[in-house]
Amino acid sequence: MTQNLLRPVALVTGASRGIGRAIAARLAPTHDLVLTARDAARLGDVAASCEAAGARVRTMAVDVRDGAAAGAAFAGLEIDVLVNNAGVAVLTPFLELTPDEWHRQVDVNVHALYHVTRAVLPGMVQRGRGHVCIIGSTAGRNTFVGGSCYAGTKHFVMGFAESLMLEVRDAGVGVSVITPGSVATELFPEGTNTAWMLEPENVADAVLFAVTTPPHMLVHRLEVRPLSPKRPRDSF
Ligand SMILES: NC(=O)c1ccc[n+]([C@@H]2O[C@H](COP(=O)([O-])OP(=O)(O)OC[C@H]3O[C@@H](n4cnc5c(N)ncnc54)[C@H](OP(=O)(O)O)[C@@H]3O)[C@@H](O)[C@H]2O)c1
């Protein structure tokens, strides 16, 4: 895919379903897209609907925990907007978490953020423009039983995002973090009541807003929450 000067190119991680899929759909009318996740078949479906909305789309099936694979896939691309969305949640108390559940969350929510951003950001800095948008969570400010790992990783995201913003804004590169409350996606186990939650499209609207502000304006942090009488009392 060669860059079309009139349409910025957005790389969306975790684009095979949920919030990432909605972000891809929201950007498709105005951006060309590089969509990545592991599930190539689902990525293909997302790509087809984004192409129908006007985007030129490239899909790349990559496990973003693999730093070498992420570097090889993304380092050579001219990306205007990077949406670091891929994430894993296992909302289980620390002593009940398996080692694999711990490592999966840290590897995707923390290390993959490093791998993908490290591959894409140098080009943005070199070109003097670009936007890195990260999907954090209200769990990046809150704590809850079952959040020792997930909330820990999302607290990391907040510190990473604000520090990175300060490091690269003079180079013309913006960094935003979107912090949703609960969103109805497959992040939650089957059978979870998601009726009161935000829709993925609500988060996608916030992403579009954050990455399309005027050049001199940066929305660094944007929190989006469900507003519903059906919301359980202790929910986010
Ligand atoms: N749902 C919520 O309530 C909520 C609230 C706040 C923040 N968030 C955040 O929003 C983001 C998206 O979550 P979601 O709710 O849309 O979850 P989801 O429906 O489970 O989607 C997760 C996405 O991440 C991708 N992914 C997971 N592991 C990966 C890996 N190793 N390599 C590449 N891609 C991987 C998945 O693709 P493949 O399986 O195809 O690889 C999928 O596209 C996450 O960062 C999450 O923490 C969610």
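Listing for the model above:
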{"item": "Residue with peak Gaussian network fluctuation, the chain [Cα springs, cutoff 10 Å], from Asp39, Asp100, Asp66", "result": "Asp100"}
{"item": "Cα centroid separation - the range 140-218 against the range 37-51, whole Å", "result": "22"}
{"item": "10 Å Cβ shell holding at most 13 others, DSSP loop, GluC sites (Glu not before Pro): longest site-free stretch of the chain", "result": "1-185"}
{"item": "With Cα atoms, 0 to 90° folded angle of helix 150-168 axis to the chain main axis", "result": "30"}
{"item": "Three-way shape label, the range 166-236, alpha-carbon gyration tensor, a/c 1.5", "result": "prolate"}
{"item": "Per-residue [θ]222 nm for the chain (sum of -39500 (n - 2.57) over DSSP H runs n ≥ 4, rounded to 500)", "result": "-11500 deg cm²/dmol"}
{"item": "Length released on extending from Arg141 to Glu96, taking residue separation times 0.36 nm less the Cα-Cα span", "result": "13.9 nm"}
{"item": "Contact order normalised by residue count of the chain, Cα under 8 Å, 6+ apart, percent", "result": "18"}
{"item": "Spin-label pair Arg225/Phe156, simplified geometry with 7 Å Cα→Cβ offset, distance in nm", "result": "2.7"}
{"item": "Per residue accessible area in Å² of the chain, where ligands, DNA and RNA are left out and the probe is 1.4 Å", "result": "48"}
{"item": "Cα-based shape type of the range 1-66, given that a ≥ b ≥ c are square roots of the gyration tensor eigenvalues and the cut on a/c is 1.5", "result": "prolate"}
{"item": "10 Å Cβ shell holding at most 13 others, DSSP loop, trypsin sites (Lys or Arg not before Pro): longest site-free stretch of the chain", "result": "1-229"}
{"item": "HN-Hα J in Hz across the range 18-29 - Karplus 6.51, -1.76, 1.60, θ = phi - 60°, x for Gly and Pro", "result": "x, 5, x, 4, 5, 5, 4, 5, 5, 7, 4, x"}
{"item": "The range 61-106 and the range 116-132: distance between their alpha carbon centers, rounded to Å", "result": "19"}
{"item": "Shape category assigned to the range 95-143 from the gyration tensor of Cα positions, a/c cut at 1.5", "result": "oblate"}
{"item": "Viscosity 1.002 mPa s, temperature 20 °C, Stokes-Einstein D of the range 9-224 from Kirkwood C-alpha radius, µm²/s", "result": "125"}
{"item": "The chain: antiparallel DSSP beta bridges as a percent of all, rounded to 5", "result": "0"}
{"item": "Dipole moment magnitude, nearest 20 debye, the range 9-224 about Cα centre, only Lys, Arg, Asp, Glu C-beta charged", "result": "380"}
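The values are calculated or read from the model by the stated rules, or taken from the named source; none is laboratory data. Values in this document were obtained by computation on a predicted structure and should not be read as measured data. Neighbour counts are summed over all protein chains in view; Cβ atoms, including those assigned to glycine, are modelled from backbone coordinates with ideal geometry. Side chains included, ligands, DNA and RNA excluded: accessible areas come from the protein's heavy atoms. Shrake-Rupley method; radii C 1.70, N 1.55, O 1.52, S 1.80 Å.
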